[in-house]
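The values are calculated or read from the model by the stated rules, or taken from the named source; none is laboratory data. Not measured: the values here are computed from a predicted model. Note that we place each Cβ from the backbone using ideal geometry, even for glycine, and neighbour counts take in every protein chain shown.
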Amino acid sequence: MTDSAALVSTLVKTLSVRYRSILDTSQNSTSEDVSGFTSNLTHSEQEIFRAGFRGVDDFKRWKARDFEILESYSINNKRKRIF
């Protein structure tokens, strides 16, 4: 493996670990003050953090509708058929 290929491999692994850590922190700190953590992140890392944070929020809202009964438009507006 050439030096440049080794460097690329090392950078990919390093960024993968870093981004995974940022995403993990964003998804497990929904009730904590994270301003200190996010202030040390680059712009792209902050975007990753916000995406993970929004994902958890979206999931919680989706899950809260778990027992809500939804009716189909076609069922509500179905007319009797005349034979």
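Scanning region 11-46 for residues that are within 20 Å of Asp58 (Cβ to Cβ), in a loop (DSSP other than H, G, I, E, B) and not hydrophobic (A, V, I, L, M, F, W, C) yields Asn28, Ser29, Thr30, Ser31, Glu32.
The condition of being at pLDDT 85 or above, under 12 Å from the mean Cα position of the chain (by Cα) and not hydroxyl-bearing (Ser, Thr, Tyr) holds for only one of Val34, Val56, that being Val56.
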